[in-house]
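Below is one structure, written out as structure tokens; comments come after it.
The values are calculated or read from the model by the stated rules, or taken from the named source; none is laboratory data. Predicted model, so just to flag it, every value in this text is computed and none were measured. Here the Cβ positions follow ideal geometry from the backbone for every residue, glycine too, while neighbour counts run over all protein chains shown. Calculation scope for accessible area: heavy atoms of the full protein, side chains included, ligands and nucleic acids excluded. Shrake-Rupley method; radii C 1.70, N 1.55, O 1.52, S 1.80 Å.
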Amino acid sequence: LSRGGLAERLCRLQNRERSAISFWRHQCISDDKIPSDKSGVLIVKILEIFEECTVQVAICQQLEQSPATLSPEDAVINAEEPILKVLFTRETAAHLKSRPQDVIHIYPPWQKLLLQNGDVPVIMNTYFSQKVLPSEHSEAREKTYGLTKMLIRKNIISLAQTFRLDDLDDELHQESSDNQVACAPQIHNNCDSKQHPSALSAVNDSLLEMVESQGAVGWREVQVRVVIQRVYCLPAKEACRSHMQGNKPLLSNEGMFCRLCLLVQDAYGMFSEVQLQSLSSTDDIEQYCRRWEGKFCCLAGMKILQRTTRGRALGLFSLIDSLWPPVLPVKVPGQSQDSEMMRTNLPPPSFCYILAVQSGEIHVEVDEEEQISNLYQPPAVHGLKEILRSDGCNKRCSFWAQVLYLRLQTKHSVPIDQREILLFVTDSTLQTVVHGIPKVVAVSVTASCVLSTEIMEALSVGSRLVFFKDALWGSGRIICVERTILLLQKPLLCWAAGADLSELPGPVRLDELDSTTRANSVCALRGTVVGVNESTAFSWPTCDRCGNGKLELCPQDRELLYCNQCSEVVTTPVLKMQLEVFLSCPSRSQSTVKVKVWHEISLGLFVLLTMLLFLQTYEVQSVLGKEVGLLNCYVHSVTSHPNCVALEEIVLL
């Protein structure tokens, strides 16, 4: 706030006001509830209560000055006494917990407002109010009522009615006592007004209007109609189980709990993230994406978890920015919604509400039979070459790519459930590039990106074509973060750039090692062996069935090898050898190139024992000067002092 400005002065005034109210209430409790000074006190008896625009309105009848010992049931109501309309703020109403027939003492400085066209005076500034509970019977009644929450009728006042817009539909303004919609603990798949006759009159199209009119506590009597732009999963730490709203949490990869979320947009362009229930399986996210994205959705039973801004949620707003500007003109609050008044050149949203279902209640109605909304923006699919050449930072991108190799980042200081996975991918646009752009790029998958079991199992078997949806591009890296989805199936809707990008033109080619090669990349290597690190060379036999490298001698026959995992004798073991060699490479003539080479040889047992004896007397000179063909390698490090490149031979998927 600007120092000395109106906003700062108003903030100070509100703080003093809250302090004065809290002190007065504390003093009333200390002084046996009822202040002794009755001068200027307005005594009313509540006849009816309803809520309008977050303010509780009580229709009351003014009482004469009566003794404090008079119970509310015995208070004499004079028919000639005036009817008053008393306004209570949300905080005051929550403190009073008033019901019809309650007697309220309103202390100064209350004010009476006489409306020009109204015959019922309005009482305002009712912060210093107290309910009268003089008798034991009334106190017992209060305790009983305290156990049951009273359902307050809410009058829904549309912004269109407030501003008297031309296209106001008067039928939409009805009292919510006729519009209450029950909330059920499941997700509905239809918001057809025929099934819910009262839903049509209670449906709003503005998220912001619902938040302002219903407040942070949430709304149940009304619904908001929005478009589902994205469906994804968000991880939640185990400590957040209390926020799972009673639903069974899902234990996903590496002990992380996940929750289904929707990014929705209303007719005014406003976004909200809706956190729903946990999933029975991470594989369910694909079917939810196919069934729900682009469809209209009716929300009810929501509460506000947080109002977040761009500075506090960069990941969320990077996704929102990828959906902005809207594909169609959006409505503008406070203006007539004629076609010439609807705009497309609006600034991107600066804040977003995080919504969640009320405790134990989920009311999300998705009309799956309805056509895709014109406001929906499917992911724009681009080739990797186009993405790598694009400018900007922290931009969302979607692409198809062939996964060639995956590697878990093994930093011992980082817990295993927080380590990143590197996926090395390529597509047809990269394989046809001659210079300037790598043929294979690394995609970093952070721990916050939820990977389905289907994806993990598919990549453990072999190379797969994967659709990366809403990945993050910036600072020369492609990163899969929260709200990024990896799919094996093609989405129903996507904006493709040019021809089909999924088909590779031929065998996969890697960039050869040169001066531009960086660490944590893959490359092809050729050169001449100039040295061997004998201290790090070793070999060991493994099982030819399961790959177990810890074979033992068979208890029955000490000349045979035995695998504990297979519980069988290994007759044809696979000999694995690791050898660290130094190469002379023409592409990096000034560098020391060190390669960790792996070899697998399938041998009979007799040949294996002979080979092991031979390796003990292995002559290094026999490999020096040998030419090494194109090896696929992972680059561990590239240093300039000393000038050295450390690589490891890898096998592509």
Problem set entry | Selected residue (only one of Arg419, Arg477 is open to solvent by 30 Å² or more (accessible area, probe 1.4 Å), among the basic types (Lys, Arg), at pLDDT below 90 and not assigned by the TED database to the domain that holds Val593) | Arg419
Exercise. Out of all the residues in segment 441-489, which are without any contact (Cβ under 8 Å) to a residue 24 or more places away in the chain and of a type outside the set (Gly, Ala, Ser)?
Worked result: Glu457, Val461
Exercise. Of all residues in segment 326-345, how many are crowded, with 16+ Cβ neighbours inside 10 Å and modelled with pLDDT of 75 or more?
Worked result: 4
For this session: Among the residues of segment 531-561, count how many are assigned to a strand (DSSP E or B), modelled with pLDDT of 80 or more and surrounded by 15 or more Cβ atoms within 10 Å (Cβ to Cβ).
Result: 5
Exercise. What pairs can you find where one residue is in segment 540-562 and on the phi > 0 side of the Ramachandran plot, the other is open to solvent by 60 Å² or more (accessible area, probe 1.4 Å) and of a type in the set (S, T, N, Q), and their Cβ atoms are less than 8 Å apart, with a gap of 6+ or different chains?
Worked result: none
For this session: Please state which of the following conditions Asp321 fails to meet, knowing it meets all the rest: (1) open to solvent by 30 Å² or more (accessible area, probe 1.4 Å); (2) modelled with pLDDT under 90; (3) not aliphatic (A, V, I, L, M).
Result: (2)
For this session: Would you point out which residue out of Glu482, Glu503, Glu454 is surrounded by fewer than 21 Cβ atoms within 10 Å (Cβ to Cβ), modelled with pLDDT of 90 or more and either assigned to a helix (DSSP H, G or I) or among the charged types (D, E, K, R) (or both)?
Result: Glu482
For this session: Keeping to segment 9-32, report how many residues are acidic (Asp, Glu) and in the same structural domain as Phe128 (by the TED database).
Result: 1
Exercise. Under 9 Å by Cβ, and 6 or more places apart or on different chains, what pairs join a residue from segment 285-312 that is over 22 Å from Pro326 (Cα atoms) with one that is assigned to a helix (DSSP H, G or I) and open to solvent by 30 Å² or more (accessible area, probe 1.4 Å)?
Worked result: Glu286/Glu454; Leu305/His243
Seminar exercise, completed: Only one of Pro72, Pro100, Pro67 is at pLDDT below 85 and touching a strand residue (DSSP E or B) at 6+ places or on another chain (Cβ under 6 Å), namely Pro72
